[in-house]
Amino acid sequence: MAESRSLIKDSAIYGGSTILVKMVAWLLTPLLTYTLTKSEYGMMTYLYVYVAIFLVILTFGMETGFFRFVSQTDKYKPDTVYATSLINVTTIVGLFLIVMLGFFNQLRPILWSADVPDIYILLIIGILCLDTICAIPFAYLRYKKKSFRFGFLNILNVILYALFCFFFLIVCPWINNHRPDLISWFWRDNFNLGYVFISNLFATGIQAVFLLPDVTGFKYTFDWKLAKGMFHYCFPLMLMGIAGMSNQVVDKLVFPAVYPDADKTFDELGVYSACFKIALVMMIFTQGFRYAYEPFVFEKSKEKNATQSYAGIMKYFVILGLLIFLGTTFYLDIIKYFINPAYFAALPVVPIVLMGELFFAVFFNLSIWYKLKDKTWWGAVFSSIGFVLIIAINIVFIPKYSYMACAWASFAGNGLIMLLSYFIGQKYFPIKYDLKSIFLYLGVAMLLYCLAVFVPIENLGLRLGFRTVLIGIYLSLLINRDLPLKEIPYINNIINRQQK
C-alpha cells in the first residue's frame, strides 16, 4: 500500500524497538521465575498492575491529546503544545506525590493488600512517577519522527533493568556467599523482590536523565486556553484508558480479594501471571503498531482516501494478529520453557488470553472514529462496559475456577467492546472494512487451530512438523490471496524473465 509506506517504515522502527524491549523483558521471565518464589512473582504482578493503572491516570491521556492539538498548526505552535502538555503532566505528578506521601498511612490499607511490605509500595510510587514524567517527551520524539532515538532510549531502559536484575539476583547472592563484606553495606537477605523494583527504579531514572535534552532548549510557554481544551479532550480518554487498562489487568487485582484460599492466593496469581507472559507477544505486536498508527491516523484524516487506508490496514492487522496466535499456540511446546516448569499448570490460559488480546487490539484499531470525531467519551463508555463484564465474571467464577476465570473474562470483555465499537462506529464514521477477508482468515485460523489441538500426535517432533505444515497453509493463503508475489517488483522481474 503506497499511501502507508510512512506507517510501515515507522512501524518497523517503533515495532522493532518495542519488540526488542519486550523480548528482553520476556527473557527475564526465567530469571524471575527461578529466583522469586511463586508468591513473590504473584506479588510483583499485583504491584505492577498499580503502576499500569496509575500511569494511565497520571498521564491523563495527554499523549493522544498532544498529537491531536500539535497537528492543529493553524491554531497552536508545536512548542507551546509540548510545553503545556509537559506542565500539565508534571503538575499532576506533583499533586499525586503530595497526596500519596502525605496520606500514606491512611491510603495504604485502602489501596494495597496487607501482605505487601511498605517499602515495595514506596518503590512502586517512585517508578510510577518517573515513568509518567517520561511519557510526554517520548510522545514528542514520535511527533518529531525521531524513531531511532525513541527506540534507543527504550532499549537502554530495559537492558539496564535486565543488568541490574542480574546483578542483584545472581551476582550479589554469589558475592554474599563468598565475600559478604563487599556488599554488607546494602545487601539484605530475603529481599529479592525489592531488588527487582530497585532495578526498575535505577533503569528508569537513568533513562530520564537521557531525556533531559528533549525537555530543555526551548521556551516554556503555558497556554491556559490550550490546557483547558486538552483537559476537556483528554478526560474521556483518561477514563477510557483506566477502563481499558483495567480490562487488561483488573483480574490480578480482583484475584487476591475473592480467591478463597488466602495461603495460596499469590502462588496461584504467580502461576497465572507467568503463563500470561507467554501471551505477551500479542501485546508486543499491538503496542509496536500503536506507536506508529496513532500519529498516522491524524495525519491521514485530512486526505480523501483516508477511510480506504484505515480499512486496508485493519485487514492486514487482523491477518498478522491471527498468524501470531497460530505461531504462539502451535509452538507452545517449545515457548513454554521460557518460564520455570513449576508454573506450567496455567498453560491452558495462553490461547484464550491471546485471542482476548487480539480482540482488544482490534478494538484499539476501531477507536479511530471517536478520536477523529472528538467523541472520545464513547471510548470510555465501551471500556466501562467491558470492565463491568470482566469484573462480574471474575468475582463470580474465580472462587470456583481460579485463574481460568480470569482468562475467559478477558476474552469475553474484550470481545464485547470490540463488537460495540464496530457497530456504533459504522453509524458515526462509516468505514468499509473488508469483513469478507477478515472472516475468511479467522475461519481458516480457527480450523487450523482445531486440527492442531485435536489431532493426537504424541511424538514432539512430528507434532511440531504437522503444525508447521498448518502454518504453511495459512501463509500460502496469505501469499496467494492478499500478498501476491508478482506485485513485488524484484520477484515480478524474475517471473517475467522465466516466462520469456
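Can you figure out the FRET efficiency of residue 482 with residue 305, using R₀ = 22 Å and their beta-carbon distance, to the nearest 0.05? Efficiency, rounded to the nearest 0.05: 0.70. Peptides 476-483, 388-395 ranked from most to least packed, by the mean per-residue count of other Cβ atoms within 10 Å: 388-395, 476-483. Counting every other Cβ atom within 10 Å of each residue's Cβ, 142, 108 order from fewest to most as 108, 142. The phi torsions of the range 253-260, fed into the Karplus equation with coefficients 6.51, -1.76 and 1.60 and a -60° offset, translate into couplings of 8, 6, 3, x, 7, 10, 5, x Hz, rounded to whole numbers, with Gly and Pro shown as x. Pairs over the 18 Å Cα-Cα cut-off, from the set 252/277; 315/371; 77/228: 315/371. The coefficient of translational diffusion for the range 46-191, derived via Stokes-Einstein from the alpha carbon Kirkwood radius under 25 °C and 0.890 mPa s, stands at 136 µm²/s. The calculated FRET efficiency for the pair residue 177 and residue 27, based on their C-beta separation and a Förster distance of 30 Å, comes to about 0.75. With 10 Å bins beginning at zero, the pair-distance distribution over Cα atoms of the range 43-121 amounts to 16, 37, 25, 15, 7, 0 %. If you plug the beta carbon distance of residue 122 and residue 392 into 1/(1 + (r/R0)^6) with R0 = 35 Å, you get a FRET efficiency near 0.55. Distance between the C-alpha centres of the range 457-480 and the range 107-167: 39 Å, rounded to the whole angstrom.
A Stokes-Einstein calculation at 37 °C with viscosity 0.692 mPa s, built on the Kirkwood radius of the range 204-294 over Cα pairs, returns a diffusion coefficient of 187 µm²/s.
Packing, taken as the mean count of other beta carbons within 10 Å per residue, orders the peptides 86-98, 372-384 from highest to lowest as 372-384, 86-98. Per-residue ellipticity at 222 nm, computed for the chain from helices alone with -39500 (n - 2.57) per DSSP H run of at least four residues, works out to -26500 deg cm²/dmol. Under Stokes-Einstein, with the Kirkwood radius over Cα pairs as Rh, the value for the chain at 25 °C and 0.890 mPa s is 101 µm²/s. Highest mean packing first, where packing is the average number of other Cβ atoms within 10 Å per residue, the peptides 362-370, 316-324, 328-336 line up as 362-370, 316-324, 328-336. Fully extending the segment from residue 457 to residue 475, taken as 0.36 nm per residue of separation minus the present Cα-Cα distance, adds 4.2 nm.
Here, each number is a calculation from the coordinates, and none is a lab measurement. What you see is a predicted model; the values in this text were computed from it and never measured. Heads up, the Cβs are rebuilt from the backbone with ideal geometry, glycines too, and the neighbour counts pull from every protein chain shown.
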